[in-house]
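All remarks here apply to the structure that follows.
We did not get these values from a lab; they are worked out from the coordinates using the rules stated. Keep in mind the model is a prediction, meaning the values are calculated, not measured. So basically every Cβ, Gly included, is an ideal-geometry build from the backbone, and we count neighbours across all protein chains shown.
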Amino acid sequence: MAGAGRFAPSPTGPLHIGSLYTALASFLDARAHGLAWRLRLDDLDQPRNDPAALDSILRTLEAHGLHWDGAVQRQSEHLERYAAALATLHMTGSVFFCTCSRKQLRGHSIYPGRCRHRRKSIAEAAVRVRVDEAVCEFTDLAQGQQRFPLGETTGDFVVKRRDGPFAYQLATAVDDGDADIVRVLRGRDLLGNTPRQLFLMRLLGQKAPAYAHIPVLLNPAKEKWSKQTQAPAIDDRKPSANLRTSLALLGLSPPELDLEGLIRWAVAHWGLRRIGHRDRVFAIR
Ligand SMILES: [Zn+2]
């Protein structure tokens, strides 16, 4: 198989309806395009990780017939790759060391560029990438044409935090390149991350994947269903019912089939046009 799609949850809790819906969508999209489907755990934010979540996520995906290809990847095991990418960015003069305190940055929604001249390594500094006049344009397969002048939207952004960890944007750009991800299907709430990831990919000489940012599921209070909004864990004993619910939210109404048949049918009928581009409210009874 050439190229892959991927599902990249943070292991902070069990899957809920919102994350199962996204997992299913990325799975169907990859399979419908003849791609491998990779599973990667975005676990760089160590304090938020829940050791029990990993098992629970794998169990839920398996119970729902969403079988991933290859070994489960973990961002926490790719630190050398991120360091190598950062070294490349240093070599090309794309990054600088920022010693600004929170207080100094207060009131600035965009980084004011105070440390842009600091190219030599400084301990206890964050590393930021210079965006200058870069403009990121891409056609999102679900949301249409996008244009982000980085200087006005993200500014010089952090790729390595002062306290050590690599930023999610850098890790994701590097991992998507390494895993030959050619289609990224994820929630619309992550659209704002994409210009930063595309910009880093460009600096690192990587080919950009195609993106589709699909609508997110909202609870009746119009908040995204998530762990923070008390989304209940998926019940692994009812995989067919859960899949049918998610498929309906993706604009698909399958006939009566067993689990495997349901998945096969959904791959054959998959289409982004059926989903639309608006977030949808979903009440859990
Ligand atoms: Zn600074």
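Sequence gap at least 6, Cα distance under 8 Å: using those rules, report the relative contact order of the chain to the nearest whole percent.
Here the relative contact order equals 22 percent.
Please report the relative contact order for region 79-169, taking Cα pairs under 8 Å with a sequence separation of at least 6, and give it as a percent rounded to a whole number.
Here the relative contact order equals 27 percent.
Please work out how much length the chain gains when fully extended from residue 180 to residue 137, using 0.36 nm per residue of separation minus the C-alpha to C-alpha distance, in nm with one decimal.
Computed gain between residue 180 and residue 137 is 13.4 nm.
Along region 249-257, what does the Karplus equation 6.51 cos²θ - 1.76 cosθ + 1.60 (θ = phi - 60°) give for ³J(HN,Hα), rounded to whole Hz, x for Gly and Pro?
5, 8, x, 10, 10, x, x, 5, 8
Whose amide H sits under 5 Å from the amide H of residue 184, counting only residues 5 or more places off or on another chain, with H placed in the peptide plane?
210, 211, 212
Count the net charge of all other residues whose Cβ sits under 12 Å from the Cβ of residue 252, scoring Lys and Arg as +1 and Asp and Glu as -1.
Here the count lands on +3.
With only alpha-carbon atoms in the gyration tensor, what are the semi-axes of the equivalent ellipsoid for region 8-69, in Å, largest first?
21, 12, 10
At a Förster distance of 25 Å, what's the computed FRET efficiency of residue 257 paired with residue 67, Cβ-Cβ distance as r, to 0.05?
Here the calculated transfer efficiency is 0.90.
Can you tell me, using C-alpha contacts under 8 Å and at least 6 residues apart, the relative contact order of region 143-285 as a whole percent?
For region 143-285, the relative contact order is 22 percent.
Full-extension gain between residue 221 and residue 274, please, as 0.36 nm times their residue separation minus the C-alpha to C-alpha distance.
16.6 nm
How much FRET efficiency would the formula 1/(1 + (r/R0)^6) give for residue 152 and residue 101, where r is the Cβ-Cβ distance and R0 is 25 Å, rounded to 0.05?
0.55
Counting residues in region 152-285 as N, plug N into 2.2 N^0.38 Å and put the Cα Rg over that result.
1.28
Can you give me the long-range amide H partners of residue 135? Hydrogens built in the peptide plane at 1.01 Å from N, cutoff under 5 Å, separation of 5 or more residues or another chain.
150
Residue by residue through region 19-26, what is 3J(HN,Hα) from phi via Karplus (6.51 cos²θ - 1.76 cosθ + 1.60, θ = phi - 60°)? Round to whole Hz and write x for glycine and proline.
Ordered by residue, 3J(HN,Hα) equals 7, 5, 4, 5, 4, 4, 4, 5 Hz.
How about region 189-285: which GluC sites (Glu not before Pro) there lie in a loop by DSSP and see at most 15 other Cβ atoms within 10 Å?
223, 256
Considering only DSSP beta bridges whose two residues both sit in the chain, what percent are antiparallel, to the nearest 5?
55
Would any residue of region 56-85 have its amide N under 14 Å from a label point 7 Å out along Cα→Cβ of residue 161? List them or say none.
Counting backbone N atoms under 14 Å from the label point, the list is 76.
Taking the 0 to 90 degree range and rounding to the nearest ten, how far is the long axis of helix 79-91 tilted relative to the main principal axis of the chain, both from C-alpha atoms?
Orientation of helix 79-91: about 40 degrees from the principal axis.
What Kirkwood Rh does region 79-169 have if only Cα atoms enter the pairwise 1/r average? Answer in Å.
14.3
Based on the Cβ-Cβ distance of residue 228 and residue 193, what FRET efficiency does E = 1/(1 + (r/R0)^6) give at R0 = 25 Å, to the nearest 0.05?
Efficiency computed from Cβ-Cβ geometry: 0.90.
Pop out the ³J(HN,Hα) list for region 107-121 in order, Karplus 6.51 cos²θ - 1.76 cosθ + 1.60 with θ = phi - 60°, rounded to Hz; leave Gly and Pro as x.
x, 9, 7, 10, 4, x, x, 4, 9, 3, 7, 7, 9, 7, 3
If amide H atoms are built 1.01 Å from N in the plane of the peptide, which residues on other chains or at least 5 residues away come under 5 Å of the amide H of residue 98?
Close amide H contacts, sequence-distant or interchain: 126, 127, 128.
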